[in-house]
1. Which pairs have Cβ atoms under 6 Å, sit 6 or more apart or on different chains, and link a residue in the stretch 220-242 that is at pLDDT 85 or above to one that is aliphatic (A, V, I, L, M) and open to solvent by less than 100 Å² (accessible area, probe 1.4 Å)?
2. Determine, yes or no, whether Asp206 is without any contact (Cβ under 8 Å) to a residue 40 or more places away in the chain, on the phi < 0 side of the Ramachandran plot, open to solvent by less than 100 Å² (accessible area, probe 1.4 Å) and of a type in the set (D, E, K, R).
3. Working carefully through the options Glu141, Glu153, Glu170, find the one that is touching a residue at least 24 places away in the same chain (Cβ under 8 Å), of a type outside the set (A, V, I, L, M, F, W, C) and under 22 Å from Leu48 (Cα atoms).
4. Filter the stretch 221-235 down to the residues that are assigned to a loop (DSSP other than H, G, I, E, B) and open to solvent by less than 70 Å² (accessible area, probe 1.4 Å), then identify the one that is farthest from Ala103 (Cα to Cα).
5. Give all pairs with beta carbons closer than 6 Å in which a residue from the stretch 31-43 that is free of Cβ contacts under 8 Å to residues at least 60 places away in the same chain meets a residue that is not in a loop (DSSP other than H, G, I, E, B); count only pairs at least 6 apart in sequence or on separate chains.
6. Take the stretch 173-186 and flag every residue that is open to solvent by 70 Å² or more (accessible area, probe 1.4 Å) and part of a loop (DSSP other than H, G, I, E, B).
7. State whether the residues of the stretch 209-220 include one that is part of a loop (DSSP other than H, G, I, E, B), under 30 Å from Tyr83 (Cβ atoms) and open to solvent by 90 Å² or more (accessible area, probe 1.4 Å).
8. For the structure I just gave you, tell me whether Ala127 is surrounded by fewer than 19 Cβ atoms within 10 Å (Cβ to Cβ) and either free of Cβ contacts under 8 Å to residues at least 24 places away in the same chain or under 22 Å from Ala39 (Cα atoms) (or both).
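The values are calculated or read from the model by the stated rules, or taken from the named source; none is laboratory data. Being a predicted model, the structure only gives us computed values, none of them experimental. Virtual Cβ from ideal backbone geometry, glycine too; neighbours counted across all protein chains shown. Heavy atoms of the whole protein, side chains included, go into the accessibility calculation; ligands, DNA and RNA do not. Shrake-Rupley method; radii C 1.70, N 1.55, O 1.52, S 1.80 Å.
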Amino acid sequence: MKIIVCAKQVPDTNIIKIDPVKGTLIRDGVPSILNPDDANALEAALELKEQVPGSTVSVVSMGPPQACAMLRECMAMGADNAYLLSSRAFGGADTCATSTTIATGIKKIGDYDIIFAGRQAIDGDTAQVGPQVALRLGLPEVTYVQKIREFKEHSVVVERQMEDGYEVVEVTTPCVLTCVKELNTPRYMSIGGIEEAYNKEITIWDEHDVQLDPSECGLQASPTQVMRSFTPAPKGKGEMLSGTVAEMAATLVKKLDEKHAL
């Protein structure tokens, strides 16, 4: 079985900051990590590889050259091959242009049975790229996969997470599955895996390698425009009440009345 995983290198948003003047993300000095949901997608692919002898897992990403570090991490976890779509022509891409580039790269890889992707990336939170890749490849897809029940010869049965439960879906292969964190717990890299990963080559393609016209990718092909990004103003300091329950209730009612909230 040929398995492809879409992965993205993202800034660690636990410490991300926004430039108050430019309104853009400050990436200098911010460590980059494998997108968490993509790690779940990779784990699902690796588990399937272990279940089906002879299977291979290829990871594909779009990003700057430094994304190679993330791809080596994926190989250290167990992926067999890694492909990076990297070019200045791909810069400034929104989800529409990103999905076009990734889908074109997957077409060049060819011969796939299942494509895994994370639900969404933590630096954008759009959850659009996975479904758009499926659209551009003409494949059926299931989003928010929280459990894989069964792999059949030409289909896969999964549980799709919903707000108040889940639904069971059987989808024919080849297909695209986007994964949520509840699906599994990603494995750690092994010492042997790390050594092996740095002895492997990462295939790097630009727009010429995948035969993609510059007008069809990057900023030129991005209808979405972000006018500005900003940090929400901090809320005012709360006030703690003291006294008996009756006294605090009376004080609260008085303050709400003063603010015309009652």
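1. Filtered contacts from the stretch 220-242: Ala221/Ala97; Ser222/Ala93; Ser222/Ala97; Leu241/Met248.
2. no
3. Going through Glu141, Glu153, Glu170 in turn, just one is touching a residue at least 24 places away in the same chain (Cβ under 8 Å), of a type outside the set (A, V, I, L, M, F, W, C) and under 22 Å from Leu48 (Cα atoms): Glu141.
4. Among those that are assigned to a loop (DSSP other than H, G, I, E, B) and open to solvent by less than 70 Å² (accessible area, probe 1.4 Å), it is Ser229.
5. Ser32/Gln9; Ser32/Pro11; Leu34/Met70; Leu34/Glu73
6. Thr185
7. For the stretch 209-220, residues part of a loop (DSSP other than H, G, I, E, B), under 30 Å from Tyr83 (Cβ atoms) and open to solvent by 90 Å² or more (accessible area, probe 1.4 Å): present.
8. Criteria met by Ala127.
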